[in-house]
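Take a look at the structure below.
The values are calculated or read from the model by the stated rules, or taken from the named source; none is laboratory data. Just so it is clear, the model here is predicted, and its values are computed rather than measured. Cβ coordinates were reconstructed from backbone atoms using ideal geometry, including for glycine residues, and neighbour counts include every protein chain displayed.
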Amino acid sequence: MKRRNFIQKSTAVTAFLTLGGFSLQSFAEKSTKHITILHTNDVHSHIEPFPINDSRYPNQGGVARRATLVESIRKENPNTLLLDAGDIFQGTPYFNFYGGELEFKLMSMLNYDAATIGNHDFDNSIDGLYAQLPHAKFDFLSANYNFKNTVLDTHVKPYKVFVKEGIKIGVFGLGIELKGLVDPKMYKETKYLDPIEIAQDITQTLKVDEDCDLIICLSHLGYNYKQEHQKIGDLTLASKTKDIDLIIGGHTHTFLPKPTVTKNIVGENVLVNQVGCYGINLGRIDFYFDKDYNKASKGKSIIV
Amino acid sequence: MKKIIISFFAIILLVACKNEPPYIVKIEGKQLPVNEDINSKNEIEEYIKPYKEKVEKEMSTVLSYTPIELNRIDGELESSLGNLLADMCYQRANPVFNSRTGKNIDFAMFNYGGIRSGISQGNITVENAFNLMPFENTLVVVELTAEKIKELVNYLILAKRAHPISKQLNLAVKKNGYTLKINSKTIDDTKTYFVLTSDYLQNGGDRMDFFKNPVNLYTLDYKVRNAIIDYFKETDTVKVKLDGRLRNEK
């Protein structure tokens with residue numbers, strides 16, 4: 001207000017101050033930004049809601065309901081990403097009859113932005129997955145599967161950078177070791193690489209080279225393996241890496257009472273979330289950004 | 001002069017802008033249930049409809065008929081559905097195995113927990129096959145030493161459960177030990193045996209560890225569910241009985 005008064009009074013310097021004032025104002029307006037991340041995992045071909053008489057999840061889930069929910073959130077905040085952490089396939093006859101075609105088509109209609117690959121997505125073999133790719137209008141991200149000698153070569157990216165309202169969001173994918181879990185005839189020459197090493201490299205790329213403001217890992221590693229220490233879960237991944245803000249998990253069908261807040265290798269907070277399975281929940285994480293260092297220096301508040 | 005001032009100002013702004021990355025100041029996380037409180041999006045429901053109708057039509061296709069209800073709980077150490085499952089998988093898989101190896105499968109064994117649903121008296125449909133076997137498990141043949149067969153028998157005795165076993169195996173659990181016949185013969189310690197099971201159990205599912213590290217492993221590339229469907233297709237009326245293949249004589 002004061003500035004406006006000043007501009008009105010001093011005509012001599014109007015030209016550059018108007019320019020400056022305008023710019024300043026536009027910065028001020030955009031100083032706070034809001035990014036919404038929505039996510040699913042292990043939907044396993046559950047297109048329709050569970051029957052009303054289902055013993056575990058009566059009348060829960062359903063893609064058509066998820067569509068309504070996603071749409072209303074997108075209306076509220078257009079700066080929204082919708083992500084899936086794998087195991088899209090397998091679990092209802094829809095997969096057996098159509099091989100994943102309907103799953104991909106519906107996810108495209110819901111405007112999914114990216115997904116990673118779960119072990120069950122190889123259930124019709126890597127060729128079966130490849131055959132359905134034309135139905136998916138979103139990207140498949142996987143950084144630790146090397147598909148070089150397979151049909152998926154060049155069709156799966158390690159990461160993707162989304163820009164929403166000037167905020168650069170780096171999303172990368174990680175998959176579980178397929179050996180012992182999936183018949184080698186199904187995944188063929190797919191090479192599994194150490195997810196921690198890969199995550200350390202990719203986060204550097206995203207942070208330094210791509211200059212990302214927000215880094216998200218889409219993981220199908222599983223939440224945590226208390227008994228089998230050699231297996232890498234999301235909590236282990238979080239503790240051995242840095243610069244990841246959010247790990248969206250899958251595979252273990254873990255229902256969390258709320259997103260887990262854990263520490264990374266340099267003691268910063270990392271959010272780990274997973275929303276059970278079969279599309280009966282939608283995860284929602286909201287990130288609020290500010291350019292004001294004074295506000296930021298007070299640290300980020302995490303409300304879960 | 002004015003120009004210089006303007007560009008100077010612009011540079012300052014640009015620099016200021018670039019040097020201030022957006023900081024995360026607040027994160028909120030929650031889980032939103034997808035339930036009946038949310039209306040289904042009509043466009044999506046309409047899109048699903050033709051797929052749904054075709055699946056339903058396919059699933060209701062009648063394959064066979066059973067004059068009695070088939071379930072896994074109508075016997076003590078065997079069951080109507082368990083016997084049927086093991087016998088039909090044997091019947092479908094043995095010709096495949098024989099054509100590839102020139103050998104015959106000795107018997108089939110699955111797990112009680114793997115029978116996911118019973119079949120009511122009347123028509124048997126594709127849906128029944130899917131409910132019985134919702135998983136994509138495939139049939140495998142494991143070649144086991146006689147020692148491993150004895151481990152398998154001990155597992156059965158300790159489990160006290162009606163694990164599906166095909167009729168080629170005959171086991172009577174006695175007070176002190178057991179009597180075992182495979183294809184009407186007592187076990188030969190020098191011989192190896194070919195056992196039909198699923199890839200899931202071979203990998204140690206249900207703690208059937210005797211299937212791990214077999215002498216040889218033969219994959220048949222034949223899904224358990226497809227074997228079930230193929231058997232029903234070629235069988236007008238299913239005939240099954242409790243024949244005491246696995247019984248308690250204590």
Of the listed residues (A:ASN111, A:ASN59, A:ASN53), the one being facing another protein chain (nearest Cβ under 9 Å) and either under 23 Å from B:PHE135 (Cβ atoms) or assigned to a loop (DSSP other than H, G, I, E, B) (or both) is A:ASN59
Give the residues of region A:62-88 that are more than 22 Å from A:GLY118 (Cβ to Cβ), touching a helix residue (DSSP H, G or I) at 6+ places or on another chain (Cβ under 8 Å) and at the interface with another protein chain (Cβ under 7 Å from one of its Cβ atoms), sorted by residue number.
A:ALA64
Cβ-Cβ under 6 Å pairs, at least 6 apart or on other chains, region B:228-250 side under 23 Å from B:ASN128 (Cβ atoms), far side surrounded by fewer than 16 Cβ atoms within 10 Å (Cβ to Cβ)
B:THR237/B:TYR65
If you scan region A:231-280, which residues turn out to be closer than 24 Å to A:MET107 by Cβ and either among the aromatic types (Phe, Trp, Tyr) or modelled with pLDDT under 95 (or both)?
A:PHE255, A:TYR278
In region A:265-289, anything out of contact with any helix residue (DSSP H, G or I) (no Cβ under 6 Å at 6 or more places or on another chain) and more than 26 Å from A:ARG66 (Cα to Cα) is listed as A:ILE265, A:VAL266, A:GLY267, A:GLU268, A:ASN269, A:PHE289
Would you mind stating whether A:LEU152 is buried (at least 17 other Cβ atoms within 10 Å of the Cβ) and in contact with a helix residue (DSSP H, G or I) (Cβ under 7 Å, 6 or more places away or on another chain)?
yes
Among the numbered conditions (1) in contact (Cβ under 8 Å) with a residue 24 or more places away in the chain; (2) within 14 Å of chain B (Cβ to nearest Cβ); (3) closer than 23 Å to A:LEU81 by Cα, tell me where A:GLU268 comes up short.
(3)
Among the residues of region B:133-143, are any over 18 Å from the mean Cα position of the chain (by Cα) and at pLDDT 95 or above?
yes
Test of understanding: among B:LYS181, B:LYS167, which residue is free of Cβ contacts under 8 Å to residues at least 24 places away in the same chain and either over 26 Å from B:GLU136 (Cβ atoms) or of a type in the set (D, E, K, R) (or both)?
B:LYS181
A:LYS207 vs. criteria modelled with pLDDT under 95, within 12 Å of another protein chain (Cβ to nearest Cβ) and in a helix (DSSP H, G or I)
no
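Here's the yes/no breakdown for (1) assigned to a strand (DSSP E or B); (2) more than 9 Å from chain B (Cβ to nearest Cβ); (3) more than 29 Å from A:TYR130 (Cα to Cα):
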residue: A:ALA199; (1), (2), (3): no, yes, no
residue: A:CYS217; (1), (2), (3): yes, yes, no
residue: A:ASN224; (1), (2), (3): no, yes, yes
residue: A:HIS229; (1), (2), (3): no, yes, yes
residue: A:THR236; (1), (2), (3): no, yes, yes
residue: A:ILE247; (1), (2), (3): yes, yes, no
residue: A:CYS277; (1), (2), (3): no, yes, no
residue: A:GLY299; (1), (2), (3): no, no, yes
residue: A:ILE302; (1), (2), (3): yes, no, yes
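Yes or no, residue by residue, for (1) surrounded by 16 or more Cβ atoms within 10 Å (Cβ to Cβ); (2) among the charged types (D, E, K, R); (3) away from chain A (no Cβ under 14 Å); (4) on the phi > 0 side of the Ramachandran plot:
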residue	(1), (2), (3), (4)
B:SER166	yes, no, yes, no
B:LEU171	yes, no, yes, no
B:THR190	no, no, yes, no
B:THR197	yes, no, yes, no
B:ARG225	yes, yes, no, no
B:VAL238	yes, no, yes, no
When every residue in region A:29-50 that is of a type in the set (Asp, Glu) and more than 10 Å from chain B (Cβ to nearest Cβ) is compared, the one surrounded by the most Cβ atoms within 10 Å (Cβ to Cβ) is A:ASP42
Since B:LEU156 meets every condition but one in (1) closer than 24 Å to B:VAL215 by Cβ; (2) surrounded by fewer than 19 Cβ atoms within 10 Å (Cβ to Cβ), which condition does it not meet?
(2)
What do you reckon, is A:LEU235 surrounded by 22 or more Cβ atoms within 10 Å (Cβ to Cβ), of a type in the set (A, V, I, L, M) and either out of contact with any helix residue (DSSP H, G or I) (no Cβ under 7 Å at 6 or more places or on another chain) or over 23 Å from A:LYS164 (Cβ atoms) (or both)?
no
Confirm whether A:GLN200 is farther than 27 Å from A:GLY91 by Cα and either at pLDDT below 95 or of a type in the set (Phe, Trp, Tyr) (or both).
no
Please go through region A:249-275 and pick out each residue that is among the hydrophobic types (A, V, I, L, M, F, W, C) and either touching a Gly at 6+ places or on another chain (Cβ under 8 Å) or in a loop (DSSP other than H, G, I, E, B) (or both).
A:PHE255, A:LEU256, A:ILE265, A:VAL266, A:LEU271, A:VAL272, A:VAL275
Yes or no: region B:77-94 includes at least one residue that is loosely packed, with under 15 Cβ neighbours inside 10 Å and of a type outside the set (A, V, I, L, M, F, W, C).
no
Of all residues in region B:151-197, which are touching a Lys or Arg at 6+ places or on another chain (Cβ under 7 Å), of a type in the set (Gly, Ala, Ser) and farther than 17 Å from B:CYS89 by Cα?
B:ALA172
In region B:206-223, which residue that is over 25 Å from A:SER125 (Cα atoms) and hydrophobic (A, V, I, L, M, F, W, C) is surrounded by the fewest Cβ atoms within 10 Å (Cβ to Cβ)?
B:VAL215
Checking the condition surrounded by fewer than 24 Cβ atoms within 10 Å (Cβ to Cβ), of a type in the set (D, E, K, R) and closer than 20 Å to A:ASP139 by Cβ, which residue from A:ASP290, A:ASP201, A:ASP286 passes?
A:ASP201
Which listed residue, of A:PHE138, A:PHE122, A:PHE95, A:PHE104, is within 30 Å of B:ALA129 (Cβ to Cβ) and more than 12 Å from chain B (Cβ to nearest Cβ)
A:PHE104
